1. Once ligands and nucleic acids are excluded and a 1.4 Å probe is used, how much of Thr37 is accessible, expressed in Å² to the nearest 10?
2. Name the residue, out of Asn149, Asn123, Asn76, whose mean-square fluctuation peaks in a Gaussian network model built on the chain with Cα pairs under 10 Å.
3. Give, in nm to one decimal, the length gained when the segment between Asn149 and Thr85 is fully stretched (0.36 nm per residue of separation minus the Cα-Cα distance).
4. Could you state the accessible area per residue of segment 124-217 in Å², with a 1.4 Å probe and every protein chain left in place?
5. Using only C-alpha positions, report the orientation-averaged shadow area of the convex hull of the chain, nm², one decimal.
6. Taking only the alpha-carbon positions of segment 67-125 and ignoring solvent, what does the Debye formula give for the base-10 log of I(q)/I(0) at q = 0.12, 0.25, 0.26 Å⁻¹?
7. Write down the accessible area per residue of segment 1-110 in Å², having rolled a 1.4 Å probe over the full set of protein chains.
8. Would you work out the charge dipole size for segment 64-191 about its Cα centre, treating the Cβ of every Lys and Arg as +1 and the Cβ of every Asp and Glu as -1, and quote it to the nearest 20 debye?
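The values are calculated or read from the model by the stated rules, or taken from the named source; none is laboratory data. In this text the structure is predicted, and so the values were computed from the model without any measurement. For neighbour counting, all protein chains shown are included, and Cβ atoms are generated from backbone atoms with ideal geometry for every residue, glycine included. Note: accessible area is taken over every heavy atom of the protein model, side chains too, but ligands, DNA and RNA are not part of it. Shrake-Rupley method; radii C 1.70, N 1.55, O 1.52, S 1.80 Å.
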Amino acid sequence: SVISFRLSPTALKAGDNATVTLVFSEAVASFEAADITAAGTAGAADNGTLATMTSINNITWTGIFTPAANTEEASNTLSLAASWTDTAGNAGTDNTTANYEVDTLLPSVNSIVISSASGIQNNFLNAGDNVSVTATFRESVIVDNASGNPELTLVVGSYSREATYASGSGSAPLVFQYTIQAGDNDTNGISIGENALDLSGGTIRDPAGNNAALTHSSVGNNTNYKVDT
């Protein structure tokens, strides 16, 4: 019989692996990793791979489970088929692990828009005026700015300027702000930079702990927020 069948940890994010431990009541024969399958909710496709299982006594077996990339599945189990036998040839029984979670899908951006500006005079922004940029994500995100703030690149004329994270977390969009500097001029209107998000100063992650690896290109996203300082 099966004494124990489990994997640890049971919450897997991108880059994680889990150790699978299977303990039989006695030494077994005709057992291999292929006897174990991984499946998600309602018979979903395999959500990871278990390459090999090894043992020094044919009783306690261990292996490394690698979750599939770009997968979000809250309900998963490993299932042991009854295809193994003990050394006398007695047929084994099937077994199933407790539930584990897989979230290897990195946070991604749905949209970045220049959402508002303050201090407009005669259709132009001037030095000291503020521009707000809103970034909306595919899922809830957490901002960790203990070591610095994430930034977002704006193009103001011929200059790249950094809008700094100001607010937003969870299901709320993130808001970045930039203050117009003396010397900024853009008669076409401020736009969002290529590969705009810069996470070197802070971390954006999802609730599972996946750090965002984000780029977002905006083509022709000039706004009516023209600048003349």
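1. 70 Å²
2. Of Asn149, Asn123, Asn76, the most mobile in the Gaussian network model is Asn123.
3. Values: separation 64, 0.36 × 64 = 23.04 nm, distance 5.78 nm.
So the extension gain works out to 17.3 nm.
4. Numbers: 4030 Å² over 94 residues.
With all protein chains present, segment 124-217 gives 43 Å² per residue.
5. On the way: hull surface 62.1 nm².
So the mean shadow area of the Cα hull is 15.5 nm².
6. Debye curve over Cα of segment 67-125, log10 I(q)/I(0) at q = 0.12, 0.25, 0.26 Å⁻¹: -0.61, -1.02, -1.04.
7. Details: 5480 Å² over 110 residues.
Per-residue value: 50 Å².
8. On the way: 2 positive and 13 negative charges, 70 e Å.
Taking the Cα centre of segment 64-191 as origin, the dipole is about 340 debye.
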